[in-house]
Amino acid sequence: SPETGNNPSPQDNSGYGVETLHGPAYGPASHSPAASSTPSSSSAFRHVVPSRQIVERQPRMLDFRVEYRDRNVDVVLEDSSTVGDIKHILENELQIPASKMLLKGWKTGDVDDSTVLKSLHLPKNNSLYVLTPDLPPPSSSHSGALQESLNQNFMLIVTHREVQREYNLNFSGSSTIQEVKRNVYDLTSIPVRHQLWEGWPPSATDDSMTLAVSGLTFPCHRLTVGRRSSPVQTREQSEEQCTDVHMVSDSDGDDFEDATEFGVDDGEMFGVASSALRKSPMMPENAENEGDALLQFTAEFSSRYGDCHPVYFIGSLEAAFQEAFYGKARDRKLLAIYLHHDESVLTNVFCSQMLCAESIVSYLSQNFITWAWDMTKEANRARFLTMCTRHFGSVVAQTIRTQKTDQFPLFLIIMGKRSSNEVLNVIQGNTTVDELMMRLMAAMEIFSAQQQEDIKDEDEREARENVKREQDEAYRISLEADRAKREAQEREMAEQFRLEQIRKEQEEEREAIRLSLEQSLPPEPKEESTESVSKLRIRTPSGEFFERRFLASSKLQVVFDFVASKGYPWEEYKLLGTFPRRDVTQLDPNKSLLEVKLYPQETLFLEAKE
């Protein structure tokens, strides 16, 4: 946990060499959750920690976008973590007790704080939201002040006690104390668990606390870090460690330039034997994959020459090509290949004075993907020459093969082209910082001209593809509209056909009923019949008349059947009498015409029912 101590003002210079580093750590990536989710074998452009912290198998990472009121918090965790771990992170980000949080948005059933994320079978990207029913809404002034503090940048002046060296580090208020300690580990090689701090405020009691709420002095705060004493560390080991660090930080460039003229070994220039400088090889001789070899190379390079060095790409040479050459034209970069050789007298000078110069490091970080290889061991040399032949051809491989040991190290500048990769420059170790910078800038000019052409071609190609996509979409919409119109027409025709069939069936059914009724009618009695005859005259709705004689003893139903046989069924029409006006269809159809007083003659008219 952080310890308290004095906090001098930022103007209180102690006479140490000061390095100003912008961002949470020197290099393009920090130890934020998003950065830590990048697998070690990926082609991400990032700073690499020493090999002792490398885990061989990277667990599956899950991304969570958590919404709380007007804030969104991005959380990245391993799938072996629990729901409670998410709440713990949110507790620090939102300043809300985990016990007051209700974490909602899970797609599965019951979830509690002990639930392991892996058991939920979640996708990589997830959205959650936080409810705090037991907490009142925050006041706008307090929320605004906290948000303002989170957005502020703190300058931490960190003094490395053992080597009397200062680092000026810029952190945002949302960074945590743990992130500061991890980045200081990158600078000092002191693991977090071995760091002994002075200067943290009394309120900074938890490493997961953000700087905004830790009580740091704004805008600058001074801290001191050292290594916790180890009971097994001898005095000679401690002196050797301090001597190594001074070797990197206090060396003068002119001493390197003049060393070989006086026959002085470059290891002895630093007051330490060459064997002490080379405690372990830069790269294992038979690494299973190039990524592991590059991890050891980066860790050993940092141990020898300090942490201000190019950020070496971790991965195979093919992966470096993909990262540099095969993205969008605007995102492409040059590829710089650094070929190291421990047996060359120029190596220490080139590494400490050229590659570790801040101007070179900054320019490489902005414009290059830097990949490295150690040519000291014959097996590694042969392995690189094989890669070189495959990617650049035999001419370039032969050029590197004929280089003498004292011409190393080499710096190859590679530019990716449409059909092949072109070696723009081969820089030997006997150069100066200014000359190296000029040659890098010259290569960058060539690359920029090519990049502008590629961007133009890419924009034109994307414009053509967009036009084609728009045309294809318009054609698809047109086809869809035609298909919908055709289907509507077919449905309408089918409906018309169905209605026509129903109408025909109804007409056929009515005609069959009419014929049946017509055939079932009794014969019309003659005028000279001896029986009583009733003569009925019936007027249709169209104004036509038809007449018929019926026996007075005939039932009223016979009249209804006669009218229906003429196309006027009594279900649809009513038969009305004139004097008096009455609805004959309401009468009992089983009564005779005589009984319903339709004798000896009567005029009736038909009227459609409503």
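The values are calculated or read from the model by the stated rules, or taken from the named source; none is laboratory data. No experiment lies behind these values; they were computed from the predicted model shown. As a convention, Cβ positions derive from the backbone with ideal geometry for all residues, glycine included, and neighbour counts pool all protein chains shown. The protein model used for the area step is the full one, side chains on, heavy atoms only, and it has no ligands, DNA or RNA in it. Shrake-Rupley method; radii C 1.70, N 1.55, O 1.52, S 1.80 Å.
Assorted remarks:
- Any chance T205 is in a strand (DSSP E or B), farther than 29 Å from S280 by Cβ and at pLDDT 55 or above: no
- Selection status of S81, among the hydroxyl-bearing types (S, T, Y) and at pLDDT 85 or above: yes
- Given (1) of a type outside the set (A, V, I, L, M); (2) at pLDDT 90 or above; (3) within 35 Å of the chain's Cα centre (by Cα), number of the condition D374 does not satisfy: (3)
- Restricting attention to the stretch 543-561, the residues that are open to solvent by 60 Å² or more (accessible area, probe 1.4 Å) and touching a residue at least 40 places away in the same chain (Cβ under 8 Å) total 1.
- In the condition set (1) on the phi < 0 side of the Ramachandran plot; (2) surrounded by fewer than 14 Cβ atoms within 10 Å (Cβ to Cβ), A564 is compliant with all but (2).
- Q241 vs. criteria open to solvent by 40 Å² or more (accessible area, probe 1.4 Å) and at pLDDT 85 or above: no
- Residue list for the stretch 165-196, filter: open to solvent by 30 Å² or more (accessible area, probe 1.4 Å), of a type in the set (S, T, N, Q), in contact with a helix residue (DSSP H, G or I) (Cβ under 9 Å, 6 or more places away or on another chain) and not in a helix (DSSP H, G or I): S172, S174, S189
- Of the residues in the stretch 99-114, none is among the polar types (S, T, N, Q), at pLDDT 85 or above, over 22 Å from the mean Cα position of the chain (by Cα) and surrounded by 17 or more Cβ atoms within 10 Å (Cβ to Cβ).
- Subset of the stretch 568-599 that is farther than 26 Å from I513 by Cα and of a type in the set (S, T, Y) - its residue that is least open to solvent (accessible area, probe 1.4 Å): T578
- Only one of the listed residues (T347, T370) is out of contact with any helix residue (DSSP H, G or I) (no Cβ under 9 Å at 6 or more places or on another chain), open to solvent by less than 10 Å² (accessible area, probe 1.4 Å) and not small (G, A, S). That residue is T347.
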